[in-house]
Structure formats: C-alpha cells, structure tokens
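Accompanying notes for the structure given below.
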Amino acid sequence: MTFAAAAALCGLAALATAAPAEAQYRQKIGNDMGKCRSGSGPAVLVKVEGVKSSTGTVRVQSYRGTKADWLEKGRWINRIEAPARAGTMTFCVPVPETGTYGIAVRHDANGNGDTDISADGGAMSNNPSINIFNLGKPSYKKTAISIGPGVKSISVRMRYF
C-alpha cells in the first residue's frame, strides 16, 4: 500500500468516526407514532394542547437537558414539523438514549419562519412560567424531563401573547 493510499484510508476512518458526533444534532424527522408504541423507546410522546388555529406549522424539538444545549441555536436533536391543527396535536419524539432532555414547541401561526411575538405560540416540557424577565427561555432545570428506556408521555400547554 502506498503512503497516499494509507493516508486516504486514515482520513476516511477519521470522517467515519466523526460523523456520529455531528449526526447527534439537527435531525429533521417525521412524526412516526410507531416509535411510541409499547416496548419502543427511548422516546417522548408529546401531547400539545391549546393550539390556537389551523394555520401555519407546529414544530417540536428535543434538546439535551443541559445548560450548554437547551434552546441553543443548532443544538436541537430531533425536529418534527407538521401543519397546525387547532386544539390538541400529538407527536412522538425519539431520543438517542436514556437521559435528561427538554422539549420545545413552537406554533408559527402564519408559516413565515420568523418569530412573531404577537401571533406565534410556544410551549415547553414541564410547562414552566414564561415572562418578560426570562424572555421565553426558562432554565434547563425547569424544563428537564428524565427519559428511561421506554416511552414517556408528557402534556404541554401552548401559550400565546
């Protein structure tokens, strides 16, 4: 084997081992309810209550329940987007392993991709209070949920300003 071939193989091996670490974030997935059947997991079955209208999209994102990851740009693990349906919507959010996570939900009421405080809504695991002082970003400690090997069911209530 030539030196160039050996170097190329080493480079490919490095890429192969680096990929899983990068792949742990920013996975856009579908709402596969089968991943929340009994015996499945780890996953979170998220019941979103109080969706104001059937316009725009609802986005559910999972984050690791750490200060470094919670609501940080690009640090979400899985994202599910679906057309909004007024009332209650249910999502199955798989997580990579057992541990502590947080769930954030956003209703982009006009579907423009921007945060419109006067129209859009939001919710988070454990339904923490949201006010002008925390600007919609409560501590990761208040939103943290423990996920075991099975499926954990939670309910979140949408809030609109």
Does the stretch 36-48 include one or more residues that are open to solvent by 50 Å² or more (accessible area, probe 1.4 Å), at pLDDT 90 or above, within 30 Å of residue 159 (Cβ to Cβ) and touching a Gly at 6+ places or on another chain (Cβ under 7 Å)?
no
Selection within the stretch 27-60 - acidic (Asp, Glu) and closer than 18 Å to residue 125 by Cβ
49
Which of the residues spanning the stretch 73-82 are open to solvent by less than 60 Å² (accessible area, probe 1.4 Å) and assigned to a loop (DSSP other than H, G, I, E, B)?
74, 76, 77
Pick from 69, 32: which is in contact with a Phe, Trp or Tyr (Cβ under 6 Å, 6 or more places away or on another chain), among the charged types (D, E, K, R) and either farther than 16 Å from residue 144 by Cα or surrounded by 15 or more Cβ atoms within 10 Å (Cβ to Cβ) (or both)?
69
Given the conditions (1) at negative phi; (2) surrounded by 14 or more Cβ atoms within 10 Å (Cβ to Cβ); (3) more than 17 Å from the chain's Cα centre (by Cα), which single one is not true for residue 56?
(1)
Could you list all residues from the stretch 101-117 that are among the hydroxyl-bearing types (Ser, Thr, Tyr) and open to solvent by 10 Å² or more (accessible area, probe 1.4 Å)?
115
How many residues does the stretch 151-161 hold that are outside any strand (DSSP E or B) and either without any contact (Cβ under 8 Å) to a residue 40 or more places away in the chain or open to solvent by 30 Å² or more (accessible area, probe 1.4 Å) (or both)?
1
Against the definition (within 16 Å of the chain's Cα centre (by Cα) and either modelled with pLDDT under 90 or open to solvent by 30 Å² or more (accessible area, probe 1.4 Å) (or both)), how does residue 85 come out, yes or no?
no
Given (1) among the β-branched types (Val, Ile, Thr); (2) under 21 Å from residue 128 (Cβ atoms); (3) touching a His at 6+ places or on another chain (Cβ under 8 Å), residue 48 misses just (3)
When you scan the stretch 131-141, do you find a residue that is surrounded by fewer than 17 Cβ atoms within 10 Å (Cβ to Cβ) and at pLDDT 95 or above, even just one?
yes
If you go through 115, 88, the only one that is outside any loop (DSSP other than H, G, I, E, B) and closer than 17 Å to residue 52 by Cβ is 88
Residues (modelled with pLDDT under 95, open to solvent by less than 50 Å² (accessible area, probe 1.4 Å) and part of a loop (DSSP other than H, G, I, E, B)) located in the stretch 118-127:
119, 120
Per the filter on the stretch 91-112, residues closer than 15 Å to residue 65 by Cα and either polar (S, T, N, Q) or not in a strand (DSSP E or B) (or both) are 95, 96, 97, 98, 100
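The values are calculated or read from the model by the stated rules, or taken from the named source; none is laboratory data. No experiment lies behind these values; they were computed from the predicted model shown. Heads up, the Cβs are rebuilt from the backbone with ideal geometry, glycines too, and the neighbour counts pull from every protein chain shown. Surface accessibility is based on the protein's heavy atoms, side chains included, excluding ligands, DNA and RNA. Shrake-Rupley method; radii C 1.70, N 1.55, O 1.52, S 1.80 Å.
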